[in-house]
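Step one of this worksheet: look at the structure below.
FYI, it's all coordinate maths here, none of it is from the lab. Source: prediction; values computed, not measured. A quick note on method: Cβ atoms are made from the backbone with ideal geometry, for glycine too, and the neighbour counts reach across all protein chains shown.
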Amino acid sequence: ITYGGDFADIQNSFNDLYRTLFVGLILITFFLVLQYNSFRQTIIHIFTLPMGIIGVFPGLWLIGLNMSFPALLGIIALTGIVVNHAIVLIDRINENRANSVGLSGSIAEATYSRFNPIFMTTIAAMIGILPLALTNEFWAGLGFSLLFGLAFSTLLTLVALPIVYYTFEEKNARKSGEKL
């Protein structure tokens, strides 16, 4: 038995989205390696991607929405936003380290100084997405996946990312004689 019609179209659409997500992840990784000239820093950035997705599934379940085509579009859009938050934070940490602030001091100052820009960007994006999520039933999956993903990723980026950065960079800092 082979199924066709709408079922086949839906399966093709999801397959195309999965391929798009995969290509997007490869491109994000490629550009991060070019930007930072470091695989370690790129891995730290890529670590933030699951942080956004962690909030999507429980959030959709909480409001009673199923995973849909628009919700998957929201997850794909979320990857760019989440990586942007990581870039803002890690770039400041690297700048502080270049100015001999020390590893822990660099992380603490960067997290403190970038809290407002990251938080305000998230709030602005969430307020902009809220009308889409509430007014159009078809696009509610996209809106709510972005809303919940942004909320969780922002919280985890500001809390977990500094810990991950310290864990990854501590050994190199000790080897180079950088103060911790």
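Our summary gives region 22-180 a relative contact order of 35 percent, counting only alpha carbon pairs under 8 angstrom and 6 or more residues apart.
Sequence-ordered 3J(HN,Hα) estimates for region 11-20 from the Karplus curve with 6.51, -1.76 and 1.60 and θ = phi - 60° stand at 4, 5, 5, 5, 4, 5, 5, 5, 5, 4 Hz, glycine and proline given as x.
More than 13 Å apart: what percent of Cα pairs in region 60-111 qualify? The proportion of pairs with Cα distances above 13 Å equals 66 percent. Taken over region 1-110, the alpha-carbon convex hull comes to 124 cubic angstrom per residue. Descending by average beta-carbon neighbour count within 10 Å, the peptides 56-62, 20-26 line up as 56-62, 20-26, the highest first. Modelled label positions at residue 11 and residue 23, each set 7 Å beyond Cα in the direction of Cβ, lie 2.2 nm from each other. Contact order for region 71-157, expressed relative to its length and based on alpha carbon pairs under 8 Å spaced 6+ residues apart, stands at 44 percent. Computed over the chain, the per-residue total of -39500 (n - 2.57) for DSSP H runs of n ≥ 4 gives a 222 nm mean residue ellipticity of -31500 deg cm²/dmol, rounded to 500. Rg/Rh for region 38-166 (Cα atoms only, Rh after Kirkwood) is 1.04.
At each listed q (0.17, 0.23, 0.26 Å⁻¹), what is the log10 of I(q)/I(0) that the Debye formula gives for region 114-175 modelled as equal alpha-carbon point scatterers? Values, matching the q order: -0.65, -0.88, -0.99.
Net charge of the neighbourhood of residue 96, taken over other residues with C-beta under 15 Å away and scored Lys/Arg +1, Asp/Glu -1, is -1. Taking packing as the residue-averaged number of other Cβ atoms within 10 angstrom, the listed peptides 162-169, 120-127, 12-19 run from highest to lowest as 162-169, 120-127, 12-19.
In order along region 155-163, phi translates into HN-Hα couplings of 4, 6, 5, 7, 9, 7, 4, x, 5 Hz, rounded to whole numbers, per the Karplus curve 6.51 cos²θ - 1.76 cosθ + 1.60 with θ = phi - 60° and x for Gly and Pro. In order along region 133-145, phi translates into HN-Hα couplings of 5, 8, 9, 10, 4, 5, 8, 4, x, 5, x, 6, 5 Hz, rounded to whole numbers, per the Karplus curve 6.51 cos²θ - 1.76 cosθ + 1.60 with θ = phi - 60° and x for Gly and Pro.
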